[in-house]
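Notes follow the structure.
The values are calculated or read from the model by the stated rules, or taken from the named source; none is laboratory data. Predicted model only: the values in this text are computed from it and were never measured. Heads up, the Cβs are rebuilt from the backbone with ideal geometry, glycines too, and the neighbour counts pull from every protein chain shown.
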Amino acid sequence: MSKQKGVSQGIDTTVVWLYAILVLIGILCIFMVEYRNDGHWLQSFLNGKTSYSKQLFYAGICVVLATFILLTDSKLFTAFANLFYAFGILLMLSTFILGKNINGSKSWIPLFGGFNLQPVEICKIFTALALAKFLSRQETDFSKLRSQIIAGIITLLPAVISIIQHEAGMALVYFCFFLVMFREGLPPTILIIGFSFVALIISTLLIEPDTLAIILTVSAIITVYLLRKQFKRSKGLLTLIIFIWAACVGIQRFAVPFIFNNVLECYQSARVYSAFGKDYDCSQNKRSAKKSDKTPKKPDDYNVRQSKIAIGSGGLLGRGFLKGTQTRGKYVPAQSTDFVFTSLGEAFGFVGCVVFLLIYLVFLFRVIQIAERQRSTFSRVYAYSVVSIILFHIAFNICMTIGLFPSPGVTLPLISYGGSSMVSFTILIFILLRLDADRQMVLR
């Protein structure tokens, strides 16, 4: 008689426990923000009207989803990876017809009972599956430029749609897949070019335009002088240096101002400038001016300032559970979603934040261990996608709350309030656990 396969057979319980701990911490943080002393705490959890009671309900849904995924055949994810991706793209496109405008972003689809679905959250899972499917194909030679371009299109198509939906923050997360591609053999030159582009944008914001142009020109002249003896052996080297110089000056003088004045909204440009201690002149923003007869006003950095005050007030050990004055006084906007980290920082201080980040760190290292023990390219690529997505979310969110990064509206994984966010991370993680349980199989 064959032994029946149980739901927990082969499942990495360390990841499951860490997942459960993070979900509970998230509910606790939301509870600290919203709970009031005028009612019984248990009753407030069960009434379904508060954010923490809804988050508990979402956690219950996630338990059902996780169990269903663990009972699913791993081959399902490889067989339908491309179909899932196509469905995700169509779901994102459907927001332009069925979408609900929330905080200036038409990226939500209203569901029953007042709940809303954000397709860009779910599409991260489908993109990870599609990328894993493409890279695991026998005919895919990732050393070829054609394969690299196709992989880039797979990952960036949802990002482009997200930008059109005015969800620039979520679009940034999709760039995390380039780390996965780098692990699978993407030339480091592409990453160097990407980081150099980011450094050039930051320099454009920090340095006066004419001064930066002079610095770039002097750097090019010095480079030409140092490499002058190599020009005879490599005739194209001088042309390459001149091209790089012209491209950098062109980006600095024309491309960057065009992006901030014509592509981004006034508030988005202002947030980026504010992160580097600069003021953005919203009268130059043509996109916001088209929507109003009046000159758009520059939004202040109230959110980030209040967030830093709340975290700073926690000190070394924190004010204590339910004793935070900033978060419980509702001084911090979006403190259950984008700025939920502030409640933890104020209540438990620097020590509490370090312990919390260590839990994340252990979680990420465990997933990396899972990725490296996979026999299948599909499973390995998907596992590294999980690591990259979660890492980017953590880095963006926490850097945002302490003022080191513009506030792009990126949630803190399993901590921030929201059904779409929790469900997407749950599906993302438990698909990984299902694939890992069948790691002896070579999936394609």
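Restricting attention to the range 45-91, and to residues there that are hydroxyl-bearing (S, T, Y) and part of a helix (DSSP H, G or I), which single residue is nearest to G419 (Cα to Cα)?
My answer is Y58.
Report yes if R434 is surrounded by fewer than 20 Cβ atoms within 10 Å (Cβ to Cβ) and either touching a Gly at 6+ places or on another chain (Cβ under 6 Å) or touching a residue at least 24 places away in the same chain (Cβ under 8 Å) (or both), otherwise no.
no
Identify all residues within the range 128-155 that are in contact (Cβ under 8 Å) with a residue 60 or more places away in the chain, touching a Phe, Trp or Tyr at 6+ places or on another chain (Cβ under 7 Å) and not charged (D, E, K, R); write none if there are none.
Within the range 128-155, A128, L129, L131, A132, L135, S136, I154 qualify.
In this structure, does I427 turn out to be outside any helix (DSSP H, G or I), touching a Leu at 6+ places or on another chain (Cβ under 7 Å) and either of a type in the set (S, T, N, Q) or more than 22 Å from I163 (Cβ to Cβ) (or both)?
no
From (1) modelled with pLDDT under 85; (2) assigned to a helix (DSSP H, G or I), pick out the condition that doesn't hold for I215.
Single failed check for I215: (1).
Run I164 past the list (1) surrounded by 14 or more Cβ atoms within 10 Å (Cβ to Cβ); (2) modelled with pLDDT of 90 or more; (3) over 17 Å from I394 (Cα atoms) and report the number of the one that doesn't hold.
(2)
Does the range 224-247 contain at least one residue that is under 30 Å from V272 (Cα atoms) and of a type in the set (G, A, S)?
Yes: one or more hits.
Any chance the range 241-259 includes a residue that's under 24 Å from the mean Cα position of the chain (by Cα) and surrounded by 12 or more Cβ atoms within 10 Å (Cβ to Cβ)?
Yes, some residue in the range 241-259 is under 24 Å from the mean Cα position of the chain (by Cα) and surrounded by 12 or more Cβ atoms within 10 Å (Cβ to Cβ).
Do we find that I415 is of a type in the set (A, V, I, L, M, F, W, C) and under 20 Å from F177 (Cα atoms) in this structure?
So I415 fails the test.
Does the range 323-340 hold any residues that are of a type in the set (V, I, T) and either surrounded by 18 or more Cβ atoms within 10 Å (Cβ to Cβ) or modelled with pLDDT of 80 or more (or both), and which are they?
T327, V332, T337, V340
Give Q369, Q326 a once-over and let me know the one that is in a helix (DSSP H, G or I) and free of Cβ contacts under 8 Å to residues at least 12 places away in the same chain.
So the residue among Q369, Q326 that is in a helix (DSSP H, G or I) and free of Cβ contacts under 8 Å to residues at least 12 places away in the same chain is Q369.
Here are some residues: L212, L179. Which one is over 29 Å from G88 (Cβ atoms), hydrophobic (A, V, I, L, M, F, W, C) and surrounded by 17 or more Cβ atoms within 10 Å (Cβ to Cβ)?
So the residue among L212, L179 that is over 29 Å from G88 (Cβ atoms), hydrophobic (A, V, I, L, M, F, W, C) and surrounded by 17 or more Cβ atoms within 10 Å (Cβ to Cβ) is L212.
Report whether or not R439 is closer than 24 Å to F57 by Cα, basic (K, R) and in contact (Cβ under 8 Å) with a residue 40 or more places away in the chain.
Taking the combined requirement at face value, the residue does not satisfy it.
Does any residue of the range 92-114 turn out to be in a helix (DSSP H, G or I), modelled with pLDDT under 90 and among the β-branched types (V, I, T)?
yes
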